[in-house]
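As structure tokens, the structure follows; a few thoughts come after it.
Nothing in this text is a laboratory measurement; each read-out follows from the coordinates by a stated rule. Everything numeric here is computed off the predicted structure, so don't read it as measured data. Cβ coordinates were reconstructed from backbone atoms using ideal geometry, including for glycine residues, and neighbour counts include every protein chain displayed.
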Amino acid sequence: MSDSPTELNQGVTTDSPTVDQGVQTDSPAVKDEGVKETLVDRINKLAEESPEKSPVSEESNQDSKVEEGKPDEQEDAPYQPYTEEEKARLHSKTRKRFMKTEGEIERLGQEVQSFKTDAESYNKVVGFLENNGLSIQDANDAFSILKDIKFNPAGALKRLMPIVQDLQKITGDVLPDDLADQVKKGYITEAHAQELSRHRANTAYQQTTQRNQEEQQKTQKVVETQRQIDAGKDAATKWENAWRSDPDYSKLQPEVQRLFTLELRADRDFKYAGPEAVVKLLDKLRDEVKARHVKAQPKTEIKHVTGGGSAAQTQRKPANTLEAINLALDG
């Protein structure tokens, strides 16, 4: 809602070095008379502090047209290809266009399947990197070195030597300067120096590992938090879109929006509660506002009519003298 189901937009962004973060698509907003902004619009503001109709061919069979205002019962049904008999009943010109469209649908379906396969592979790679605390740049560097090992061994060795030297220091296989100096001066034996070096390296490694794990946990929490926020926003959007068909939507929406905004401001952590909690709160607020609205409606005054005549007869003017006499006798 507005300062609403959608304060849920206070999100967190994560940086991914060389990977595209995805494509955002904008759906055309549905505007209702009297409603200036949606719940989601208001939520997005707090966080920072009908589809197009396809033209119908004039050549299409009249029997296939859906009556205006009447929902298509097969709208959600899976696509079923036309049978040869159904195609034969189409106008020749329409049939050619239909065959072309059907071929395009098949081609697009194949492309979608290909994209789905690519996306699954990409998600596996990204998941591996995230689970192991690696960045996209780490992966790019590793692949670049592997390429040099295969096609440019001298270049690969030059790039690997500093890495090997760092690993020797990290594991304690190479004595640091202070220990090497003590061995040279005879203060300690080389074996003792090696033991001290490995102990230092192990301590430093554990400390680094702990820091990396803490950073990774923070990153995962940020990602999960954003997912919760996005899920709440999506739930609020679907809830409001479903409510738009209610005749009272335009009258009740501003007040529901206002109350939802107050709830979000009173409980800043609510935007992390998830979609179920968002929908539950919206249902509750809408029911409360609707009940107050009904109660505030003026009651229709009931006029009591005396005599045996009906209210309509008593109140209407006689059309002629005879009717006036009859009405008077009835009274």
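In plain terms, the chain from residue 113 to residue 136 could stretch by 5.7 nm, reckoned as 0.36 nm per residue minus the Cα-Cα distance.
Going from the residue with the fewest nearby Cβ atoms within 10 Å to the one with the most, 82, 187 rank 187, 82. Protection proxy ranking, highest mean first, for peptides 133-139, 97-103: 133-139, 97-103, where packing is the per-residue count of other beta-carbon atoms within 10 Å, averaged. Our estimate of slack between residue 209 and residue 238, defined as 0.36 nm per intervening residue step minus the Cα-Cα distance, is 6.1 nm. State which entries of 124/147; 116/221; 124/221; 116/233; 124/271; 238/271 exceed 18 angstrom in Cα-Cα distance in the structure shown. Beyond 18 Å between Cα atoms: 124/147; 116/221; 124/221; 116/233; 124/271.
The gain in end-to-end length when the residue 217 to residue 102 segment is fully stretched comes to 36.5 nm, 0.36 nm per residue minus the alpha carbon separation.
After finding the eigenvalues of the alpha carbon gyration tensor for the range 111-156, what semi-axes result from the square roots of 5 times each, listed largest first in whole Å?
Values: eigenvalues 144, 49, 7 Å².
For the range 111-156, the semi-axes come out at 27, 16, 6 Å.
In nm², what is the average projected area of the convex hull enclosing the Cα atoms of the range 137-251?
13.7
Taking every alpha-carbon pair within the range 166-223, the share separated by more than 13 Å comes to 64 percent. Here the simple spin-label model places points 7 Å from the Cα toward Cβ, and for residue 245 and residue 86 these points are separated by 2.4 nm. In terms of the mean number of neighbouring beta-carbon atoms within 10 Å, the peptides 107-114, 270-277, 289-296 order highest first as 270-277, 289-296, 107-114.
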